[in-house]
Amino acid sequence: MTEDGGSDRLREELRRYERDSRFLRKDSDDRKTMEEVFDRATLLVLRQLMRQGAISELNGIVSSGKEARVYWGVTAEGTNRAVKIYLTVSAEFRRRLNYIAGDRRFGKLPSNSREMIFIWVRKEFKNLQLAESAGIRVPKPYAFEKNVLSMEFIGTPPAPAPIFAESEVDEKDYEWTFDTISKLYNSAGLVHADLSEFNFFKNGTELVLFDFGSAVLESHPQAIEFLTRDIKNMVRFFKKRGIGTREPEDWLEEITK
């Protein structure tokens with residue numbers, strides 16, 4: 001087959017896929033958002049994940065941010081998935097170089113933002129695997145491809161579980177949080193590096209730490225700086241809720257000793 005013939009076939013396949021895909025229906029209330037997220041390259045990635053069986057269908061949006069949007073996906077067996085799609089047009093990743101530079105798992109940094117996002121997704125997947133293998137409760141990672149990550153859905157679709165910022169928290173949550181930060185550092189060899197009350201699900205009695213794209217290995221040159229910031233953020237949050245008396249310095253010494 002000639003190169004032109006292959007291109008024509010691909011374009012026709014994409015047109016048919018766009019026409020038939022349930023998440024690109026004409027009656028969508030958020031067509032503009034969909035067009036921003038589902039560029040042709042992302043459509044191909046989703047198709048590949050569907051062929052692999054990682055997901056079978058994609059439903060409504062679960063959460064939205066500057067860098068990524070999360071959708072409710074479902075497998076062929078009817079199991080719910082959180083499908084995180086990073087925006088390849090986002091300029092936010094230019095500010096994220098220091099979370100990848102210095103990480104021995106990745107070589108020379110790419111010169112273009114699209115390749116940077118692909119590394120970021122692979123990094124988040126590997127960080128989730130590391131955390132899970134250390135016994136830390138995180139969304140289980142299932143698959144990734146380029147700018148798309150499929151993982152466990154925390155909550156009851158279509159709604160995700162509440163986060164700390166919108167929940168009642170208590171002393172047990174406080175102890176669990178700092179035990180998790182310590183376990184992440186000492187057992188998984190990771191620092192979350194972007195920790196706040198917006199990165200913890202409170203799913204009934206179950207607590208889940210999520211959003212691991214920024215997480216760095218403890219060998220990263222700025223690991224202690226990031227760990228200190230994580231601890232300060234969580235001490236601040238719990239003190240605002242009237243919980244905890246220990247200072248960030250005390251937690252940092254205990255976790256790193």
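The values are calculated or read from the model by the stated rules, or taken from the named source; none is laboratory data. From a predicted model like this one, the values you see are computed outputs, not experimental measurements. Note that we place each Cβ from the backbone using ideal geometry, even for glycine, and neighbour counts take in every protein chain shown.
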Anything in the range 244-257 that is buried (at least 17 other Cβ atoms within 10 Å of the Cβ) and either under 21 Å from Arg137 (Cα atoms) or in contact (Cβ under 8 Å) with a residue 40 or more places away in the chain (or both)? List them, or say none. Gly244, Trp251, Ile255
Of (1) at negative phi; (2) in contact (Cβ under 8 Å) with a residue 24 or more places away in the chain; (3) surrounded by fewer than 19 Cβ atoms within 10 Å (Cβ to Cβ), Ser56 satisfies every one except (2)
Any idea which of Lys257, Lys239 is modelled with pLDDT under 95 and of a type outside the set (Val, Ile, Thr)? Lys257
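Table: residues versus (1) closer than 22 Å to Trp72 by Cβ; (2) hydrophobic (A, V, I, L, M, F, W, C); (3) in contact with a Cys (Cβ under 7 Å, 6 or more places away or on another chain); (4) modelled with pLDDT of 90 or more.
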{"residue": "Phe106", "(1), (2), (3), (4)": "no, yes, no, no"}
{"residue": "Pro110", "(1), (2), (3), (4)": "no, no, no, no"}
{"residue": "Arg114", "(1), (2), (3), (4)": "no, no, no, no"}
{"residue": "Ile119", "(1), (2), (3), (4)": "no, yes, no, yes"}
{"residue": "Glu132", "(1), (2), (3), (4)": "yes, no, no, yes"}
{"residue": "Val138", "(1), (2), (3), (4)": "yes, yes, no, yes"}
{"residue": "Phe144", "(1), (2), (3), (4)": "yes, yes, no, yes"}
{"residue": "Met151", "(1), (2), (3), (4)": "yes, yes, no, yes"}
State all residues of the range 175-192 that are touching a residue at least 40 places away in the same chain (Cβ under 8 Å) and not in a helix (DSSP H, G or I); if no residue qualifies, say none. Ser187, Ala188, Gly189, Leu190
